[in-house]
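Take a look at the structure set out below.
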Amino acid sequence: MTESLRGVGYSLQSAIADVIDNSIEAKASNVDVCFQHGDRSGSSNWVRIADDGRSMTALRATEALRYGAEIEPDLDRDVYLSAFGFGLKTASTSQCRKVWLAARQHPDRALIYPRLLDLDHMRDTGEWETLEYKTADAPEALVGPLRERPGTVVLWQEIDRILDYADPHGFNAKKGVDLKFQKVEEHLAMVFHRYMSRTTKPKHRKVTITLNGRLIDPWDPFCLDETGPEGTGVCREAELKVPNSRGSGMAPIKVVGYVLPRRDEFSSPEAWNRAAGPKKWNRSQGFYFYRGNRIIQNGGWSGVRTIDEHTKLARIAVEFDHRADGAFDIDIAKGRVTIPNDIKGSVEDVVDAVVEAARRRYDRRASRPSPGPGPGPGPGPGPGPGPGPGPGPSPGGDVTTADAGSAVRDSAERINKEGDLDAIIKDLRESRPDVTDALGW
Ligand SMILES: Nc1ncnc2c1ncn2[C@@H]1O[C@H](COP(=O)(O)OP(=O)(O)OP(=O)(O)O)[C@@H](O)[C@H]1O
Ligand SMILES: [Mg+2]
């Protein structure tokens, strides 16, 4: 049973995000993610997620590692990210065989409660038990962060799924693990961007997340800091409802369709490149599902339509909370949703409007060179700032160098040759920095 739960559908990044959900729910302001990849197998290889939230009592710490731990209904929460009472265990064991947890609530006394969920122990004894440890007998990597302040630490040891290489400490593994954590950084920057930039609710605290001590910068898929007539425009909004699966009545859904600026409208080539996001420009179009203000699915059209270069400026936020879990058919890893039948038609209306406006904004670049009056592109449907004219190809069809640079980058993305282009850019940066500057690289 425990072994089969290991395959529940987490990636390293989604597993870490699930653990951080608990930290945010516990009102943490700081979450530190660290990993250590030693030169040989053993306890020098670990991943740690430490927060400064309100943590747990000794009893609760033991409970927290039990599968299906009952969610306290009366808990004073201002954020509701939990769903099943499984996250900490299933996310952790998808990556490792030993899950440590340490809790400290007392601000003045370093009373720390270390706990361990050990898959090998469970296999050998057939018992599903949480082992309780004294602080002195627990790994220093676990209890160290709690010597100074209260909070909760989760430590993964025997990270077999992360060190899944023929030589887990060789060159390929080192390179591979670094890459995996780059993905972790991109993922956390996206998933928790609203918490990190404090754009959830005024009463919420700002959450900072660090990776091996380095602050992670939030990534907003809608680039709302691209403002002004050339910035991101809200194209269409809808307030919808589905049945409340956690009580009576209905649960609210908000759908907001955005049209992002074109490449030539972005404030800088760097901002355009960053806006591509973890899936790159084309596959980043489509839906962003937010559950409790954290992203649970990013990009793609969930079967409503297909990815299209001409509609890549269209991104749509679909926001709901735990009351709509049933309708969206949330899975245990909270990484996949299904659009409820009841609202599909209304969502498709928003999609049609946003896609149409995005296509026009994209195409306007091609039609802009014709100077003077004429049947120019009309304003996008719906309220909000429509896309306006701006710099870009000059009249007569000339292409600016920055535009050319971006077009080459887009092309590399379309044919999956970004790695090759990056190598070219790296070389050019050294040999011809004037060229990379001109091309916006
Ligand atoms: N960092 C933390 N700070 C405080 N309490 C925590 C922390 N991590 C876990 N807990 C407690 O342990 C319980 C179990 O966590 P777990 O992630 O397994 O389930 P859940 O969050 O309730 O539901 P879900 O399956 O959606 O994650 C939580 O409900 C919470 O009470
Ligand atoms: Mg949880």
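Every condition in (1) within 12 Å of ligand 1 (Cβ to nearest atom); (2) in a helix (DSSP H, G or I); (3) modelled with pLDDT of 95 or more holds for Ala50 except the one numbered (2).
Total residues in the range 158-175 satisfying the condition of being in a helix (DSSP H, G or I) and either buried (at least 16 other Cβ atoms within 10 Å of the Cβ) or among the charged types (D, E, K, R) (or both): the figure is 3. Kindly check whether there is at least one residue in the range 164-183 that is touching a strand residue (DSSP E or B) at 6+ places or on another chain (Cβ under 9 Å) and within 16 Å of ligand 2 (Cβ to nearest atom). The answer is no, given that none of the residues of the range 164-183 is touching a strand residue (DSSP E or B) at 6+ places or on another chain (Cβ under 9 Å) and within 16 Å of ligand 2 (Cβ to nearest atom).
Scanning the range 16-41 for residues that are more than 8 Å from ligand 1 (Cβ to nearest atom), of a type outside the set (Val, Ile, Thr) and out of contact with any Asp or Glu (no Cβ under 9 Å at 6 or more places or on another chain) gives Ala17, Cys34, Phe35, Gln36, Gly38, Asp39, Arg40.
Mind listing just one residue for me: the one in the range 422-436 that is within 14 Å of Pro269 (Cβ to Cβ) and surrounded by 15 or more Cβ atoms within 10 Å (Cβ to Cβ) and, of those, modelled with the lowest pLDDT? Within the range 422-436, the match that is modelled with the lowest pLDDT is Thr436. Exactly one residue among Arg123, Arg115 is part of a helix (DSSP H, G or I) and of a type in the set (Lys, Arg), and that residue is Arg123.
Could you tell me whether Thr199 is closer than 30 Å to Asp225 by Cα and at pLDDT below 95?
So Thr199 passes the test.
Residues in the range 97-112 that are closer than 16 Å to Ser43 by Cα and within 15 Å of ligand 1 (Cβ to nearest atom): 3 in all. Given the criteria more than 14 Å from ligand 2 (Cβ to nearest atom) and aromatic (Phe, Trp, Tyr), does Tyr80 qualify? Against the criterion (more than 14 Å from ligand 2 (Cβ to nearest atom) and aromatic (Phe, Trp, Tyr)), Tyr80 does not qualify.
Matching residues to (1) within 19 Å of the chain's Cα centre (by Cα); (2) among the aliphatic types (A, V, I, L, M); (3) within 16 Å of Lys89 (Cβ to Cβ):
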{"position": "Leu5", "(1), (2), (3)": "no, yes, yes"}
{"position": "Val19", "(1), (2), (3)": "yes, yes, yes"}
{"position": "Ala28", "(1), (2), (3)": "yes, yes, no"}
{"position": "Gly38", "(1), (2), (3)": "no, no, no"}
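Being of a type outside the set (A, V, I, L, M) and touching a strand residue (DSSP E or B) at 6+ places or on another chain (Cβ under 7 Å) is the filter here; which residues of the range 199-229 pass it? Those that are of a type outside the set (A, V, I, L, M) and touching a strand residue (DSSP E or B) at 6+ places or on another chain (Cβ under 7 Å): Thr208, Thr210, Asn212, Pro221, Phe222.
Put simply, of Pro221, Pro150 the only residue that is surrounded by 15 or more Cβ atoms within 10 Å (Cβ to Cβ) and over 19 Å from Asp21 (Cα atoms) is Pro221.
A count restricted to the range 1-47 and to residues that are touching a helix residue (DSSP H, G or I) at 6+ places or on another chain (Cβ under 6 Å) and part of a loop (DSSP other than H, G, I, E, B) stands at 4.
The values are calculated or read from the model by the stated rules, or taken from the named source; none is laboratory data. Here the structure is a predicted model, which is why all the values come from computation and not from measurement. Positions of Cβ are backbone-derived with ideal geometry, glycine not excepted, and every protein chain shown enters the neighbour counts.
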